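Remarks on the structure that follows.
The values are calculated or read from the model by the stated rules, or taken from the named source; none is laboratory data. If you're wondering where the values come from, they're calculated on a predicted model, not measured in any experiment. All Cβ positions, glycine included, derive from the backbone under ideal geometry; neighbour counts span all protein chains shown. Ligands, DNA and RNA are stripped out before the accessible areas are found, and what is left, the full protein with its side chains, is counted by its heavy atoms. Shrake-Rupley method; radii C 1.70, N 1.55, O 1.52, S 1.80 Å.
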Amino acid sequence: MAVRFLTATRRYPIDLCRLTPTAVTRSVVGLFSTAAEQRSGDDCHGDDGDDDHRHSVTHVRTLEMRARKLEEQVHDLTERYKRAIADSDNVRRRTQKFVEDAKQFGIQSFCRDIVEVADLIEKSAEVEERDGVQQLTQYLAHIQGRLQDVFTKHGLEKMSPVGATYDPYQHEIVCHTPAEGVEPGSIAVVKQDGYMLHGRTIRHAHVGIAVKTQEQ
């Protein structure tokens with residue numbers, strides 16, 4: 001207490017000889033009050049420093065928590081990406097295998113049907129030996145009809161271009177012939193049948209185009 005009083009008097013010099021006892025008491029109390037306020041101010045500054053330190057520590061911990069969460073999210077996204085890549089590769093391999101199988105076995109149904117026609121053709125020799133040429137002719141007509149049924153079932157259609165207009169996407173001109181019963185410039189004769197598969201030409205028909213003769 002005395003030390004504080006002396007320190008205060010150094011900071012705030014007072015002529016004690018001129019003061020009354022009451023005034024001296026008041027002065028001393030005022031000095032102590034001033035010193036106490038200054039000390040309180042200094043203590044407040046110290047508390048502010050502690051608060052700043054605690055705030056900084058809290059902020060750092062918050063950032064560390066956010067960083068850990070971001071690392072977890074990055075790890076999770078990386079794993080998902082790896083799984084997606086693996087799934088994509090599996091789908092690609094399965095699709096490639098499916099396409100290869102489709103190319104290789106896509107005509108399996110057609111082959112089964114055409115084999116039946118082949119069996120009928122093989123029996124034609126037996127029919128000729130047993131029943132003669134007339135029965136063989138009828139039997140071959142039956143085979144032809146069965147073959148056309150197989151073609152129709154699988155979308156294979158034989159062209160019938162006689163009398164139609166020439167179409168370069170379906171026909172190939174191999175000759176010119178006098179127009180007899182057809183319009184000049186139209187198809188008069190078919191030298192080789194053409195076929196379409198589901199509306200797409202797979203073999204052009206070889207045709208002869210009708211032309212005017214001098215007599216006409």
So which residues in region 116-133 are among the hydrophobic types (A, V, I, L, M, F, W, C) and surrounded by 10 or more Cβ atoms within 10 Å (Cβ to Cβ), if there are any at all?
Val117, Ala118, Leu120, Ile121, Ala125, Val127
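Do any strands (runs of 3 or more DSSP E) entirely within region 101-194 hold 2 or more residues that are under 30 Å from Lys212 (Cα atoms) and either touching a Cys at 6+ places or on another chain (Cβ under 7 Å) or of a type outside the set (Asp, Glu) (or both), and if so, which? Outline the logic, then answer.
Details: elements: 156-158, 171-178, 187-192.
Strands (runs of 3 or more DSSP E) meeting the threshold: 171-178, 187-192.
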Scan region 119-131 and give yes if some residue there is among the hydroxyl-bearing types (Ser, Thr, Tyr) and in contact (Cβ under 8 Å) with a residue 24 or more places away in the chain, otherwise no.
no
When the residues of region 68-115 are filtered to those that are charged (D, E, K, R) and open to solvent by less than 100 Å² (accessible area, probe 1.4 Å), which remaining residue is nearest to Leu140 (Cα to Cα)?
Asp113
Filtered residues of region 138-185 (kept if open to solvent by less than 50 Å² (accessible area, probe 1.4 Å), within 42 Å of the chain's Cα centre (by Cα) and over 30 Å from Asp113 (Cα atoms))
Asp167
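Of these, Arg68, Arg94, which one is over 30 Å from His154 (Cβ atoms) and at pLDDT 90 or above? Spell out the reasoning first.
Working: Arg94 fails: over 30 Å from His154 (Cβ atoms).
After applying the criteria, what remains is Arg68.
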Would a scan of region 110-122 turn up a residue that is modelled with pLDDT under 90, in contact with a Phe, Trp or Tyr (Cβ under 6 Å, 6 or more places away or on another chain) and not polar (S, T, N, Q)?
no
